[in-house]
1. Tell me yes or no: at least one residue of the range 194-214 is touching a Phe, Trp or Tyr at 6+ places or on another chain (Cβ under 7 Å), without any contact (Cβ under 8 Å) to a residue 60 or more places away in the chain, not in a strand (DSSP E or B) and not hydrophobic (A, V, I, L, M, F, W, C).
2. Restricting to the range 212-233, count the residues that are at negative phi and touching a strand residue (DSSP E or B) at 6+ places or on another chain (Cβ under 8 Å).
3. If you take the residues of the range 95-137 that are farther than 23 Å from ASN162 by Cα and among the charged types (D, E, K, R), which of them is nearest to the chain's Cα centre (by Cα)?
4. In the range 120-145, which residues are surrounded by fewer than 19 Cβ atoms within 10 Å (Cβ to Cβ) and of a type outside the set (Lys, Arg)?
5. Name the residue, out of PHE130, PHE143, that is within 18 Å of THR198 (Cβ to Cβ), at pLDDT 95 or above and either in the same structural domain as VAL191 (by TED's automatic domain parsing) or of a type in the set (Phe, Trp, Tyr) (or both).
6. Looking at SER89, SER109, SER123, can you tell me which residue is of a type in the set (Gly, Ala, Ser) and touching a strand residue (DSSP E or B) at 6+ places or on another chain (Cβ under 9 Å)?
7. Which pairs have Cβ atoms under 6 Å, sit 6 or more apart or on different chains, and link a residue in the range 367-386 that is touching a residue at least 40 places away in the same chain (Cβ under 8 Å) and within 25 Å of PHE184 (Cβ to Cβ) to one that is crowded, with 20+ Cβ neighbours inside 10 Å and hydroxyl-bearing (Ser, Thr, Tyr)?
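The values are calculated or read from the model by the stated rules, or taken from the named source; none is laboratory data. All values derive from a computational prediction rather than experimental measurement. Because the Cβ atoms are built from the backbone with ideal geometry, glycine has one as well, and the counts that use them run over all protein chains shown.
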Amino acid sequence: MNWPLNIDNFTKKDRQNVCDFILDKNNRLTQGSKVKEFEQKMSEFIGSKYSVFVSNGSAANSILASYNKDFNNKKYVVLPSTTWSTSCSPWIREGFIPIFVDISTEDFSIDKDSLISILQNYSNEISCIFPTSLIGYTPDIGFYKNISQKYGVEVMFDNCENTFGEYKNKNISSYFTSTTSTYFGHQLQSVEGGFIFTNKQEEYEKFLMYRNHGMARSLSAYNLKTESISNPQVDPFFDFNILGNNYRSSEINAVFGLMDLQRAEEYKFKRLELFNIFKNNLNKEKFYLPKTRENCLDINFCLPIICSSKEIKNKCLDFCKKNNIEYRPIISGFLGYQTAFKKFFDKKIDLYKNSIKLHDYGFYVGLFSKLEKEKIENLTEIFNNI
């Protein structure tokens with residue numbers, strides 16, 4: 001079928017525009033005005049006060065972990081047991097003790113009952129709860145708002161696979177400090193890149209410095225005051241206020257991203273249309289998909305094939321291998337099986353039954369706006385008859 005995980009969104013005209021930009025000697029190529037423009041337009045699109053464009057989604061997560069280490073330094077971080085590796089590793093590298101929680105079959109976010117049980121015992125020691133919008137499913141934002149207020153815990157979101165999802169007709173990244181990815185394989189593309197969104201100016205200022213080596217003058221570039229943090233003992237050009245890193249992106253990535261952002265609404269519509277064909281044609285007895293939840297709009301990252309048995313899964317995978325259909329496991333699968341993470345998991349394996357079920361029975365194939373409807377119809381018919 002020649003079915004890749006994704007294709008890049010850029011036309012020949014787009015590439016010519018980037019070439020023209022590069023060839024103009026008046027244009028800076030490292031981070032500059034185009035990055036600022038991309039940030040401003042992404043803030044408008046998401047509905048957040050502030051956006052910070054960084055080199056990738058993993059860098060965005062790393063900045064959140066560093067911020068929590070420096071300014072909300074409690075003992076634990078709560079993470080889902082199925083997510084991407086760099087949704088977790090930055091927190092562990094910063095010294096947090098991870099509490100891995102099973103996912104929910106309702107939306108593939110953190111299981112609510114398990115999370116509440118942990119909060120009742122550890123809320124005073126938790127620095128952050130960091131759920132993932134796994135493969136584009138929108139978590140119950142109202143639930144997270146309630147527990148954040150009730151237990152006094154910080155909630156931030158990894159929305160790297162869900163740039164477009166909505167809760168109550170607002171983008172999910174507008175509610176909490178969140179990250180997303182604009183990597184080639186994701187919903188909105190800048191080739192490489194990622195974002196942090198926040199509504200808090202204090203966080204915004206710190207994120208700008210974390211991105212640029214921790215330098216105070218990172219604020220001056222955005223017309224923000226530095227008087228309260230300036231160090232008179234050092235040259236203001238190299239005044240390192242916090243322990244930062246180099247997570248900057250480039251003007252080239254921003255130019256790509258600005259062009260792609262103009263097509264965002266088209267991408268949302270096409271993903272919804274194509275996913276609905278998939279959902280409506282898939283045999284519900286052989287395959288599982290989360291149901292539509294109140295107030296939640298899912299803009300799916302992929303087409304998840306979650307089988308009722310390992311036998312069906314193996315037959316589906318065999319078909320994909322023989323017919324040039326690229327596939328992947330549901331992100332990490334169960335992280336407790338992964339070499340780098342297994343030592344952080346509770347030995348009571350039944351605590352993660354939903355994550356293990358997704359690991360054992362699930363995989364995904366690509367979803368992108370130029371995917372032909374006929375391919376989806378053909379694939380679901382073949383899988384339904386396995």
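1. Yes, some residue in the range 194-214 is touching a Phe, Trp or Tyr at 6+ places or on another chain (Cβ under 7 Å), without any contact (Cβ under 8 Å) to a residue 60 or more places away in the chain, not in a strand (DSSP E or B) and not hydrophobic (A, V, I, L, M, F, W, C).
2. Looking only at that region, the number is 4.
3. ASP113
4. Residues satisfying the conditions are GLN120, ASN121, TYR122, SER123, ASN124, GLU125, GLY142, PHE143.
5. PHE130
6. Criteria check complete, one pass: SER109.
7. SER369/TYR267
For (1) within 21 Å of ARG211 (Cα to Cα); (2) touching a residue at least 60 places away in the same chain (Cβ under 8 Å); (3) outside the structural domain of ILE97 (by TED's automatic domain parsing), each residue gets a yes or a no:
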| residue | (1), (2), (3) |
| --- | --- |
| PRO4 | no, yes, yes |
| LYS34 | yes, yes, no |
| PHE53 | yes, yes, no |
| ILE63 | yes, yes, no |
| ASP70 | yes, yes, no |
| THR83 | no, yes, no |
